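Step one of this worksheet: look at the structure below.
The values are calculated or read from the model by the stated rules, or taken from the named source; none is laboratory data. As the structure is a prediction and not an experimental result, all values here were calculated from the model. With ideal geometry, Cβ positions are generated from the backbone for all residues, glycine too; neighbour counts draw on all protein chains shown.
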Amino acid sequence: MAESTTYAVTPRQGWQEIIGLVLVIYAGMNLNGILHYATGLEGFLSPLILVLSLVTIMLCASTRLVSTAYAWFMFFLLAYGIGGLVPLIGDGEVDAERIVAFAGTVIYCTAMYFYIAQRGEDGVRSVLSALQIIFFINCIAVLNDRFIVNYFNIDRPEERASGFFDNPNEAAGMALYYIILIASTAKKIDLWTVIKFSVALAALLMTFSKTGMLLFIGLTVIFLCVRRLYGVLAVAVFGAVALLPVIHFIVSVNPLDMTDEQVLRIEQVLDVFSGEVDNKTTTGRVELWKIGIDRISKTIPLGTGIGTYHRMDGSGYIDLEGNWLGVHNTFLMVLGESGLVPFLIFLGFLFVLIRAAFLGMAPVTMVGFVVVFISDMFVGHGVLTTRLHDLMMCIIMAAGLQPQTQPSASRTSNEVMRPT
């Protein structure tokens, strides 16, 4: 009879677990956003998170855990920082707020990466398990957005649910990450799986994010093809086609009493499917991209300074608070602010990150995560300083350290779901 082995947890390990979990919850639930609603103060937790991140780095960091993806990411941020500060030599300007935000990205990502990586495969699994709970709570918050708005007396100019997040698009990204997590890790289709998936999908729809809806459809097709569930895919396609008249009826008659903006967003999703990608269907992004490209053509191979493409002065486009709009594209932001060399390093990092997602543990989950992560870069310029995206990127990098193993009968992270 084999003896069971127990492992004592040292006080140091216990503190590592507690601090690491706090950092996961901080990003996963947007705790700064929640406390902003409650206190009116921005960055309420930032000093504490800075201290906890530095402590985590001291406890967990090790050169043996430095992966190719992490090294490339730090190399890119260094190049971006240097390239983005070069304009100061002349008459250029930089945004100090953006510098602080990117410094926070360096510290937070380093802490989270080493916290997960030093625990190996169990570290990745434990963080994913925690996110299952965190994201479920987030989705419930999105579904009860009206209560949150009324309770905290929040002035939201858009009729789109976002729950604990300031931006509905961030909430949509969270819901997509959760859908991927549910679909790729569930071992069977039981009632609880159906409930979680339904809540996540409902939350995604409540954000009225066009990018989120389109990504969900695309990821669903890819997932069913990877799983070779062609029969389910055929049923889904025929079902979607059958629903088109219903959707057109809802848009034209509006029996659900949706706002004009909500109706418009559904119409624009249908327009994108018909091949119409223009300034209207991208909510003004095409024009912002054109302005960004025009400005880049005048300064390449150099950049114009950190922050200059987060808010493009004199572009003619402002947000509801009167601030100049940014370029709404991370690739153009990096190229415009820091120049050609950092941009090429950035592309190299993304290639390495994709490779890590395919070759590391739980590839179906990680590839799904990286698709959402990179797709958001095409429509937003703040992805690299959004802590939720930073957290998911660290999970992908840490998972890339763990080689894929043959699935066993006892446990596998990405086996096909089977009905019960």
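Could you please find all residues in the range 281-324 being assigned to a loop (DSSP other than H, G, I, E, B), in contact with a helix residue (DSSP H, G or I) (Cβ under 8 Å, 6 or more places away or on another chain) and closer than 22 Å to Thr211 by Cα?
Thr281, Thr282, Thr283, Tyr309, His310, Tyr317, listed by residue number.
Here is a check on your reading of the model: is Ala79 more than 30 Å from Pro403 (Cα to Cα) and part of a helix (DSSP H, G or I)?
No; evaluated as a whole, the condition is false for this residue.
Across the range 27-51, which residue is farthest from Val142 (Cα to Cα) among those that are within 20 Å of the chain's Cα centre (by Cα) and assigned to a loop (DSSP other than H, G, I, E, B)? Let's see the steps before the verdict.
Here is the first cut: in the range 27-51, the ones within 20 Å of the chain's Cα centre (by Cα) are 27-34, 43, 46, 49.
Then keep just the ones that are assigned to a loop (DSSP other than H, G, I, E, B); that gives 29-30, 43.
Working: Met29: 12, Asn30: 13, Gly43: 21 Å.
For the range 27-51, the residue satisfying everything is Gly43.
Would you mind stating whether Val327 is in contact (Cβ under 8 Å) with a residue 24 or more places away in the chain and part of a helix (DSSP H, G or I)?
No, not satisfied.
Results for (1) closer than 30 Å to Gln402 by Cα; (2) in contact with a Leu (Cβ under 8 Å, 6 or more places away or on another chain), shown as yes or no for each residue.
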| residue | (1), (2) |
| --- | --- |
| Gly303 | no, yes |
| Thr308 | no, no |
| Met312 | no, yes |
| Ile318 | no, yes |
| Leu332 | no, no |
| Phe343 | yes, yes |
| Phe351 | yes, no |
| Ile354 | yes, no |
| Gly360 | yes, yes |
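Tell me the residue from Gly104, Gly83, Gly90 that is over 23 Å from the mean Cα position of the chain (by Cα) and farther than 22 Å from Val352 by Cα, please.
Only one candidate passes the filter, namely Gly90.
Within the set of pairs 6+ apart or on separate chains, which have a first residue in the range 193-216 that is under 20 Å from Phe373 (Cβ atoms), a second that is hydroxyl-bearing (Ser, Thr, Tyr), and C-beta atoms under 6 Å apart?
Correct list of pairs: Ala200/Tyr178; Leu215/Ser375.
Return yes when Ile18 is part of a helix (DSSP H, G or I) and crowded, with 16+ Cβ neighbours inside 10 Å and no when it is not.
In short, no.
Select, from Val364, Val370, Val334, Val352, the only residue that is at pLDDT below 95 and either out of contact with any helix residue (DSSP H, G or I) (no Cβ under 7 Å at 6 or more places or on another chain) or assigned to a helix (DSSP H, G or I) (or both).
So the residue among Val364, Val370, Val334, Val352 that is at pLDDT below 95 and either out of contact with any helix residue (DSSP H, G or I) (no Cβ under 7 Å at 6 or more places or on another chain) or assigned to a helix (DSSP H, G or I) (or both) is Val364.
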